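The structure appears right after this line, and notes come after that.
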Amino acid sequence: MTVTTTHPADLASVPQATRLRGRLGMPPDKSISHRALLLAAVATGTSRIANASGALDPRSTAACLRALGVSIDGEERDGAVDWRVTSPGRSAWRAPDGPLDCGNSGTTMRLLAGLLAGTALDVTLDGDASLRGRPMRRVAEPLRAMGATVDGSDGGARPPLHLVGRTPLRPIDWSTAVPSAQVKSAILLAGLAAEGVTSVTEATATRDHTERMLRARGVEVRSEAVGAGGDGAQRVSIAGGQAVRPLDETVPGDISAAAFWLVAAAVHPDAELALEGVGVNPTRRAVIDLLRAMGASITERASAGPEAGEPTATLTARSSALEAIDVSAADVARCIDEIPVLALAAACARGRSRFSGAGELRHKESDRLVGIMEGLCALGADVTLDGDDLVVQGGSGQTAFGLRGANVQSLADHRLAMTFAIAGLVASGTTAIDAASSAAISYPGFFSDLERVRA
Ligand code: S3P
């Protein structure tokens, strides 16, 4: 039997696998691909982005930038794209003909809002039904404090966002209410167009791709630890008026995609999977460290050279007897996109795991807390919510304890669809995942890779 994704029902049928083997190249990092496009559009001149993500979300960013007058040509190859971006510079972006469609992508909407705040343009940012339900006050408030006009539906809290920029913006010293790389990045990108120094303080340091990529383009960005706590609070500052240089770079593989295979190998009783070219940035790698703390066998061999200023490695994961884990709120913030698949690992581990303070997962492409709980329970796992804590009662420590194939709802959320497909590899019988094509939001080749590793 093979894995099938059928349309229009858009159902993927995943039978249990007897063995998992293979070497996979990981799809290009989605977060870095968005930023590479956006920063190329801020700079005046031509940037070449090799091995960018060909997934739907970064394509939404490219489409929005084209509507602003940025020229973007792509050469497609095997799920990735080599982009050539030529921009007149942010100050010469033109008014788009209509609303900018950010699709399903929160990163597109929030980071672009930060950039547009520092222009003289009047723009509406919109998206699909999922994006229209996502919170935008977190970017609207700081951008308003900087002098931009930002309105939205639901009292300004949700898309569509109507934004009128201002030049120059006023610098702010902002503390984020929830750790969010998107909010931090929006403020820093707006700060580039402010008169003076803009700072963002966050209680837990989030992914630092924006900071690294700005530095690589000649912009000075300061990051300093703050507070005495061990949760990695930091303050990041940027002076306005600095030029962003065009740059040619190569995007590394996506650790958030690799996470699915790390868990697949760990929970399957007969598995060894090698994942090549994975970005292992210290602010993104918590999923590796947490899985190791659960007892997962993961070896890491550094790759030849860092891509886009990011360290990369080949990760090899093998069948392991996992133990339960308590994941702190700070760690939840550090691996926010990997919680669904880590919850699957916890369902196959010995003992009770708790993911504390995971309320932010309610505001992703779906309410992921509910989606994880309902999906894993449908597969026979014991998962409950205690307020915003996700509690997973595992099995006996034997891999894939007790999961049974079933029909599972992905809520059209790419990370839930892929998590339940991985569960299907170890659950008895066959698992059917609805709206499985949502995987293409971040990982267009996911289901072919699933076929490939079923050796
Ligand atoms: C992202 C940051 C995270 C993450 C998202 C991508 C980014 O969102 O969930 O998939 O590229 O900055 P938040 O910053 O809202 O937590």
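Here the relative contact order of the stretch 1-121, from alpha carbon pairs under 8 Å that lie six or more residues apart, stands at 24 percent. So, in Å, what gap is there between the alpha-carbon centers of the stretch 86-131 and the stretch 205-271? Their Cα centres are 22 Å away from one another. Full extension of the chain segment joining R132 with T149 gains 4.2 nm, where the gain is 0.36 nm per residue of separation less the Cα-Cα distance.
The modelled label-to-label distance between D78 and E323, using points 7 Å beyond Cα along the C-beta direction, is 4.0 nm. For the chain, adding -39500 (n - 2.57) for each run of n ≥ 4 DSSP H residues and dividing by the number of residues yields -9000 deg cm²/dmol at 222 nm. Stokes-Einstein, applied to the Kirkwood radius of the chain over Cα pairs at a viscosity of 1.306 mPa s and 10 °C, places its translational diffusion at 72 µm² s⁻¹.
Given Cα positions, please report Rg to Rh for the stretch 12-151, the hydrodynamic radius being the Kirkwood one. Ratio of gyration radius to Kirkwood radius: 1.05.
Given charges of +1 on the Cβ of Lys and Arg and -1 on the Cβ of Asp and Glu, with all other atoms neutral, how large is the dipole of the chain about its Cα centre, in debye to the nearest 20?
Details: 45 positive and 51 negative charges, 98 e Å.
The calculated dipole for the chain is roughly 460 debye.
Each Lys and Arg contributes +1 and each Asp and Glu -1, all at the Cβ; summed about the Cα centre of the stretch 141-287, the dipole is approximately 480 debye.
Charging the Cβ of each Asp and Glu at -1 and of each Lys and Arg at +1, and nothing else, the dipole of the stretch 344-455 about its Cα centre rounds to 360 debye. Its Kirkwood hydrodynamic radius, worked out from the mean inverse distance over all distinct Cα pairs, puts the stretch 151-217 at 13.2 Å. Over the stretch 314-404, the reciprocal of the mean inverse Cα-Cα separation, the Kirkwood hydrodynamic radius, stands at 13.1 Å. The base-10 log of I(q)/I(0) for the stretch 261-318, evaluated at q = 0.13, 0.14, 0.16, 0.24 Å⁻¹, reads -0.31, -0.36, -0.47, -0.94 [Debye formula, identical scatterers on Cα atoms, solvent excluded]. Rounded to a whole number, what % of the accessible area of the chain do carbon and sulfur atoms account for, probe 1.4 Å? Of the solvent-accessible surface of the chain, carbon and sulfur hold 49 percent.
Note on V197 and T167: the extension gain reaches 9.3 nm, defined as 0.36 nm multiplied by sequence separation minus the Cα-Cα distance.
Please compute the contact order of the chain in relative form: average sequence separation of alpha-carbon pairs under 8 Å and at least six residues apart, divided by the residue count, as a percent.
On the way: 1191 pairs, mean separation 78.8, N = 455.
Reported relative contact order: 17 percent.
The antiparallel fraction among DSSP beta bridges confined to the chain stands at about 75%.
Look at where the Cα atoms of the stretch 296-331 and of the stretch 30-57 average out, and the two centres are 25 Å apart.
For the stretch 341-455, the solvent-accessible area works out to 31 Å² per residue, with a probe of 1.4 Å and every protein chain left in place. What would the Debye formula give as log10 I(q)/I(0) at q = 0.14, 0.29 Å⁻¹ for the alpha-carbon point model of the stretch 377-440, no solvent? Taken in order of the listed q values, log10 I(q)/I(0) reads -0.42, -1.19. Averaging the sequence gap over all C-alpha pairs within less than 8 Å and six or more residues apart, then dividing by the number of residues, gives the stretch 14-67 a relative contact order of 41 percent.
Could you do me a favour and compute the accessible area per residue for the stretch 1-108, 1.4 Å probe, result in Å²?
That works out to 40 Å² per residue.
Please calculate how many Å² of accessible area the stretch 221-297 carries per residue, with a 1.4 Å probe and no DNA, RNA or ligand atoms counted. Using a 1.4 Å probe on heavy atoms only, each residue of the stretch 221-297 averages 34 Å².
Can you work out the FRET efficiency for the pair D367 and A243, with r the C-beta to C-beta distance and R0 = 41 Å, to the nearest 0.05?
Numbers: r = 42 Å, r/R0 = 1.02.
Efficiency computed from Cβ-Cβ geometry: 0.45.
The values are calculated or read from the model by the stated rules, or taken from the named source; none is laboratory data. Note that the structure is a prediction, hence the values are computed from the model and not measured. Counting neighbours? That spans all protein chains shown, and the Cβs are built from the backbone with ideal geometry, glycine included. The protein model used for the area step is the full one, side chains on, heavy atoms only, and it has no ligands, DNA or RNA in it. Shrake-Rupley method; radii C 1.70, N 1.55, O 1.52, S 1.80 Å.
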